[in-house]
Amino acid sequence: KETMDMDIQFKPSRPHWYERYVQPCVAELLGSTLFIFVGCLSVVEDVEGTGRLQPALAHGLVLGLIIAVLGNI
């Protein structure tokens, strides 16, 4: 007996309202909070001789971390 090969095309389901509206807002809030918090902590105890390098590295590393963790949202 011959089986029928049917191309069934599924309609892509629309994302839930939580994934569409709430999740991006929470990710933005969390990312901004972490970025500002680490940036402020990097200059709290400014050791002599670090200059502008310490805050720049802290901001760069935390920005990379935020993009890696929250980038797909």
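Within region 45-73, the residues that satisfy the criterion of being among the small types (Gly, Ala, Ser), closer than 17 Å to residue 32 by Cβ and in a helix (DSSP H, G or I) are 58, 60, 64, 68. Residues in region 5-37 that are aliphatic (A, V, I, L, M) and modelled with pLDDT under 80 were compared, and the one that is surrounded by the fewest Cβ atoms within 10 Å (Cβ to Cβ) is 8. Kindly evaluate residue 68 against the criterion of being surrounded by 12 or more Cβ atoms within 10 Å (Cβ to Cβ) and modelled with pLDDT of 90 or more. So residue 68 fails the test. Say whether the condition of being open to solvent by 100 Å² or more (accessible area, probe 1.4 Å) and at pLDDT 90 or above is met by at least one residue in region 38-48. No, region 38-48 contains no residue that is open to solvent by 100 Å² or more (accessible area, probe 1.4 Å) and at pLDDT 90 or above.
The values are calculated or read from the model by the stated rules, or taken from the named source; none is laboratory data. This is a predicted model, so every value here is computed, not measured. No Cβ is skipped: glycine too gets one built from the backbone with ideal geometry, and neighbour counts run over all protein chains shown. With ligands, DNA and RNA removed, areas are computed over all heavy atoms of the protein, side chains included. Shrake-Rupley method; radii C 1.70, N 1.55, O 1.52, S 1.80 Å.
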